[in-house]
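First the structure, in the form of structure tokens, and then the observations on it.
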Amino acid sequence: MGEAKEAITYYQSAIKIDKEVSDVYFNLANAYYFLNEIDQAITHYKRAVHLNPSKVEGFYNLGNAYCMKSNFDNAIQYFLKAI
């Protein structure tokens, strides 16, 4: 867990430098997901796919995150965007 928290700090610093890099938001979301901070993960996955709509992994991970919250309607919408 310590590594994920450290990674979050680094990703947040990277965002301060450049707010338009989708991979940074994607990796930040993954770190939050790992820590079971699902709302934070969703926020950053959404930003990642907004910046790069061709990153299907972002849509897939959004689907998984919404499943973790038992929000299956949103999960299905994002899974469908991933295919």
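Given the -39500 (n - 2.57) contribution per DSSP H run of 4+ residues, what per-residue ellipticity at 222 nm results for the chain, rounded to the nearest 500 deg cm²/dmol?
Numbers: 5 runs with 67 residues, N = 83.
Helix-only estimate at 222 nm: -26000 deg cm²/dmol.
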³J(HN,Hα) across the range 32-38 via Karplus (A = 6.51, B = -1.76, C = 1.60, θ = phi - 60°), whole Hz, x for Gly/Pro? 5, 4, 4, 7, 6, 9, 5
Could you give the dipole magnitude of the chain about its Cα centre, charging the beta-carbon of Lys and Arg +1 and that of Asp and Glu -1, in debye to the nearest 20? 180 debye
How large is ³J(HN,Hα), in whole Hz, for each residue of the range 4-13 in order, when computed from phi with the Karplus curve 6.51 cos²θ - 1.76 cosθ + 1.60 and θ = phi - 60°, using x for Gly and Pro? 5, 5, 5, 4, 4, 4, 5, 5, 5, 5
For the chain, take the longest principal axis of its alpha carbons; what is the angle in degrees between that and the long axis of helix 56-68, to the nearest 10 within 0 to 90? 80 degrees
Over the C-alpha atoms of the chain, what are the Rg and the largest Cα-to-Cα span, Dmax, in Å? 12.2, 35
Using a Cα-Cα cut-off of under 18 Å, which aspartates and glutamates could be cross-linked to Lys5, ignoring same-chain neighbours fewer than 8 residues away? Asp23, Glu37, Asp39
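Readers should treat all values here as calculations from the given coordinates under stated rules, not as data from a laboratory. Being a predicted model, the structure only gives us computed values, none of them experimental. Methodologically, a virtual Cβ is constructed for each residue, glycine included, from the backbone with ideal geometry; neighbour enumeration extends over all protein chains shown.
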